[in-house]
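Below is one structure, written out as structure tokens; the observations come after it.
The values are calculated or read from the model by the stated rules, or taken from the named source; none is laboratory data. As the structure is a computational prediction, the values presented were derived from the model and not from experiment. Neighbour counts are summed over all protein chains in view; Cβ atoms, including those assigned to glycine, are modelled from backbone coordinates with ideal geometry. These area figures cover heavy atoms from the full protein model, side chains too; ligands, DNA and RNA do not enter into them. Shrake-Rupley method; radii C 1.70, N 1.55, O 1.52, S 1.80 Å.
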Amino acid sequence: MTALLGEGLRLSYGDRVVAEGFDIALPAGKVSVLVGPNACGKSTALRALARLLTPTAGAVYLGDAPITGFSHRELARRLALLPQSPIAPDGITVRDLVARGRTPHQRWWRQWSRADEEIVERALAATGTAELADRNLDELSGGQRQRVWIALALAQETPVLLLDEPTTYLDLAFQVDVLELVAELNERNGTTVVMVLHDLNQACRYADHLVAMRAGTVIAAGPPTEVVTPELVREVFGLECRIITCPVAGTPIVVPEGRPRRGGAGFPSAGK
């Protein structure tokens with residue numbers, strides 16, 4: 001079953017065409033990861049799938065229905081997007097920002113409830129931001145703010161979650177925490193997750209379905225163990241590499257060949 005489908009999409013910003021005849025199919029209930037070099041169209045594709053960018057040709061489907069047929073509120077209850085550079089009002093606290101994730105679920109006859117409060121608290125706890133709840137967002141570090149934005153997306157509680165480079169600004173430990181959180185959300189709730197990641201090895205480890213892109217085109221798509229090969233990495237990234245198997249997860253690890261180092265060491269020491 002497909003959660004999101006793009007058929008024959010023409011994606012552009014003004015006169016600059018990013019993708020022409022672009023097709024993408026993302027399976028329901030799985031973690032899909034889009035990878036590719038900078039400016040290949042990954043984020044643009046994600047924006048089109050979230051209805052933030054209107055294709056000039058083709059159509060996007062959410063489930064079996066055209067995404068254009070949903071009202072803003074209906075779409076916000078079905079799909080959440082964390083963009084690369086989200087913007088928050090000045091002076092807003094962490095808890096107030098995360099609580100905005102519940103807005104699509106409010107009605108004039110159904111205002112803020114104890115259930116909403118519990119969902120917000122769970123989102124804060126899951127992202128390790130509970131202790132920051134009463135602080136202003138603009139007081140936080142980049143990594144802390146990124147975790148708060150992820151908490152907002154979790155609080156929205158949608159069956160489809162789109163994350164554009166969610167590990168940006170995070171150190172390695174927090175990157176793993178976020179990706180493990182996403183995997184747990186998928187396993188526990190069956191949430192369909194679509195992420196853009198730059199780290200190909202992380203993508204291989206956490207993706208059920210990997211989409212490799214170059215120049216606005218899908219080059220390959222499928223399970224990482226099937227699609228990630230030295231030939232694919234060469235075609236997509238222009239990089240010579242070897243593929244080994246992760247001893248922990250059994251997923252592919254891309255090892256760049258790079259330049260040979262004399263004696264296996266790094267730079268020569270001063271005076272040599």
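Some values worked out for this structure:
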read-out: Cleavage-rule hits (chymotrypsin sites (Phe, Trp or Tyr not before Pro)) in the stretch 153-257: DSSP loop, at most 15 neighbouring Cβ within 10 angstrom; value: Y169
read-out: Positive-end extreme of charge dipole, the chain - chosen from V94, G190, T68 (charges on Cβ); value: T68
read-out: Share of carbon and sulfur in the accessible heavy-atom surface of the stretch 79-226 [1.4 Å probe, %]; value: 50 percent
read-out: Per residue, in Å², the accessible surface of the chain once ligands and nucleic acids are set aside, probe 1.4 Å; value: 52 Å²
read-out: Sum of side-chain charges, G190 neighbourhood, beta-carbon under 13 Å (Lys, Arg +1; Asp, Glu -1); value: -2
read-out: Selected from A39, A173, A220 as most flexible by GNM, with the chain as the system and alpha-carbon contacts under 10 Å; value: A173
read-out: Approximate spin-label separation E7-S113, in nm, with each point projected 7 Å along Cα-to-Cβ; value: 3.7 nm
read-out: Where N is the number of residues in the stretch 1-94, Cα Rg divided by 2.2 N^0.38 Å; value: 1.16
read-out: Label zone at L52 (point 7 Å along Cα-to-Cβ), backbone N below 15 Å, the stretch 60-97; value: 76, 79-89
read-out: Unit charges on C-beta of K, R, D, E only; dipole of the chain, Debye; value: 300 debye
read-out: Computed [θ] at 222 nm, deg cm²/dmol, the chain (DSSP H ≥ 4; -39,500 (n - 2.57); rounded to nearest 500); value: -9000 deg cm²/dmol
read-out: Karplus (6.51, -1.76, 1.60) ³J(HN,Hα), θ = phi - 60°, over the stretch 14-31, in Hz, Gly and Pro reported as x; value: x, 8, 8, 8, 8, 8, 10, x, 7, 10, 8, 10, 10, x, 6, x, 10, 9
read-out: Gyration tensor (alpha-carbon) shape descriptor, the stretch 123-272, a/c threshold 1.5; value: oblate
read-out: Approximate spin-label separation L239-R122, in nm, with each point projected 7 Å along Cα-to-Cβ; value: 3.7 nm
read-out: Over the chain: Kirkwood hydrodynamic radius from C-alpha pairwise inverse distances, Å; value: 20.0 Å
read-out: Whole-Å semi-axes of the stretch 76-199's equivalent ellipsoid (Cα gyration tensor); value: 21, 18, 13
read-out: Most mobile of G143, G216, G238 in a GNM of the chain (Cα contacts under 10 Å); value: G238
read-out: Theoretical FRET efficiency, 1/(1+(r/R0)^6), r = Cβ-Cβ of D64 and C246, R0 30 Å, to 0.05; value: 0.25
read-out: Three-way shape label, the stretch 97-161, alpha-carbon gyration tensor, a/c 1.5; value: prolate
